[in-house]
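Here's the structure we're looking at; comments come further down.
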Amino acid sequence: MGAVNIGPGALAAYYALLIFPLTVMVWFRIPIISRTITAVARMTLQLLFVGLYLQVVFKLNNPWVNSLWLILMIGVADFSIARGCGLRLTRFAIPLFGALVAGTAIPLLLFVGPLLQRPDLMDAQYVIPIGGMILGNCLRADIIGIRNFYDAVQKSDKAFVHALSQGARLQEAVRPYLRDACQAALLPTVATMATIGLVALPGMMTGVILGGTDPMTAIRYQIAIMIAIFSGTAITVILAILLTVRKGFTPYGVLDLQAFKSAP
Amino acid sequence: MKPSTDFGADGPGGWGGNRASVPSIEIKNITVRFEGKMILEDFSLHVNSGEKVVLTGESGLGKSTVLRSVLGFVIPVEGSIFINGQPLSPETVWRLRTFLAYVPQEPNLGSGPLREWLERPFTYRANSGLRKNLDRIPELFDRFLLSMDLLEKEVSTLSGGEKQRVALVSAILLDRKIFLLDEPTSALDDSNRDRMMDYLRSIPDRAVLAVSHDPALLALADRVVRLS
């Protein structure tokens, strides 16, 4: 048993539901109408493109093609994080990429390998959707964590350099800021885990149920994916900050404002 | 405006102290620019071991920049800085900072209880052997008229004068050879200023480079350097 197919005509008709929020926006003059229409158009085109591409990827199910797809997704995430945090891509692209690879690959390979016991670690059916979910959460957590970290160091410049003057090495001086940044980045996932199933049914579980799997199997998948997401975000945030520290500070340990796009 | 140095104005008080052949601080012809603006140009200064030197002059002439340069927080575009005869560089700065004690003008102590703040530097590897110095907290609090009750207080709630004295206590606990003091008496009342002067007189073996406009501090200096 699989999910009932949605015909193109039926889906097109379903867009009519958007008339309600758009009418509300017009009525109350909420100034995001054009952004909303653009976002709906982008969502449609992006998902159609990904759908077409994934059909090919799933048909081929070649480990090299699957790996290339993951690397491409990580590259896009890398760019998004640098842009979202105002970091200069030329300096931060490699450390951010390394952190994303570790944060995505470790939980993903443990998921497909020891947990699902798939003979092919790069099986498209598992690697692409699960990798995408982990990576999406790593992206969000990295943006929160890295922004929080560099903003806090910049705002507490006097306290930070005072710690250096007291003999702290760079890794010692950044420790309190690293701790606070990790907390900020991980709290949303912790909050989600604490309320999951009570407030909303998660997307993956819903998808697995719609696919015809029994709810208990769907729940086991969801528990595993939450552990993977939490572990992946923790790995990527800690690594992203630790690996970028050398690029974001001068050799004397002071925050290097030239590392940021808003620098003069 | 181009800062210049005047090396002839020895203070009348004179803290005295031992003089060694290698200066504690030697600044050679440094030029500092920030966002295209000249902050210091071809500036030189030396502070001998045990010597107390006060930098004075109008605001905006780069006095605090001199202290920040010695700490490696500001990097001169030209010139060099030596601490205890060793050049300040990315490789040496981490070790050389362990010779320095810095008391900023308006210390930002961050957050958390004061006791935790005072103990934090001793968690750094460079200071791990100095932890026994924390036993001196009661003596130093008494000396600088600080209540022991402050230890449990949140550091951000301390007054400006309390923060300055606490920063000095922390510097003393770290047992450094060179003190860098940025307007150390600016938030102190007369009695607290007298206590600080008494302390500075009691350390003839420590070099001090201070930035100040305080006549009392200028009068007690071995040498006053006036930036103009």
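The values are calculated or read from the model by the stated rules, or taken from the named source; none is laboratory data. Bear in mind the structure is a predicted one, so any value in this text is a computation, not a measurement. Note that each Cβ is placed from the backbone with ideal geometry, even for glycine, and that neighbours are counted across all protein chains shown. Just so you know, the surface numbers come from the protein's heavy atoms only, side chains and all, with ligands and any DNA or RNA stripped out. Shrake-Rupley method; radii C 1.70, N 1.55, O 1.52, S 1.80 Å.
Quick notes
- Placing +1 on the Cβ of every Lys and Arg and -1 on the Cβ of every Asp and Glu, with no other charges, gives the protein assembly as shown a dipole of roughly 1020 debye about its Cα centre.
- Here the sum of -39500 (n - 2.57) over DSSP H runs of 4 or more residues, divided by the residues of chain A, equals -25000 deg cm²/dmol at 222 nm, to the nearest 500.
- Peptides B:65-76, A:53-64, B:118-129, B:41-52, ordered by how many other C-beta atoms sit within 10 Å of their residues on average, highest first, read B:65-76, B:41-52, B:118-129, A:53-64.
- Counting only residues at least eight positions apart within a chain, or on another chain, the lysines with an alpha carbon under 16 Å from that of residue A:261 are A:247.
- Mean residue ellipticity (222 nm) of chain B, computed from DSSP H runs ≥ 4 via -39,500 (n - 2.57), nearest 500: -7000 deg cm²/dmol
- Entries in B:37/B:163; B:132/B:163; A:158/B:63; B:37/B:63 that, when Cα-Cα distance is taken, lie over 27 Å: B:37/B:163
- Euclidean distance between Cα centres, region A:45-107 to region B:97-111, Å: 44
- Dipole in debye (nearest 20) - chain B, about Cα centre, beta carbon charges: Lys, Arg +1; Asp, Glu -1: 600
- Inter-site label distance for residue A:242 and residue A:33 at 7 Å from Cα along Cβ, in nm: 5.2
- Peptides A:76-82, A:42-48, B:191-197 ordered by packing proxy, namely the average of other Cβ atoms within 10 Å per residue, highest first: A:76-82, B:191-197, A:42-48.
- Whichever aspartates and glutamates have a C-alpha closer than 16 Å to that of residue B:177, once near sequence neighbours (fewer than 8 apart) are set aside: B:26, B:51, B:205
- Helix A:33-60 axis, angle to chain A major axis (alpha carbon atoms, nearest 10°): 70
- Portion, in percent, of the accessible area of region A:61-259 that falls on carbon or sulfur, probe 1.4 Å: 68
- Between helix B:160-173 and chain B there is an angle of about 90 degrees, using the helix long axis and the longest principal axis of the Cα atoms.
- For the protein assembly as shown: rounded, prolate or oblate by the Cα gyration tensor [a/c cutoff 1.5]: prolate
- Length added when fully stretched, residue A:68-residue A:192, from 0.36 nm per residue minus Cα-Cα: 41.6 nm
- Estimated FRET transfer efficiency when R0 is 22 angstrom, pair residue A:16-residue A:55 (beta carbons, to 0.05): 0.20
- Reachable aspartates and glutamates, given that their alpha-carbon falls under 12 Å from the alpha-carbon of residue A:155 and they are not under 8 places away in the same chain: none
- C-alpha long axis of helix B:190-201 to longest principal axis of chain B, angle in °: 70
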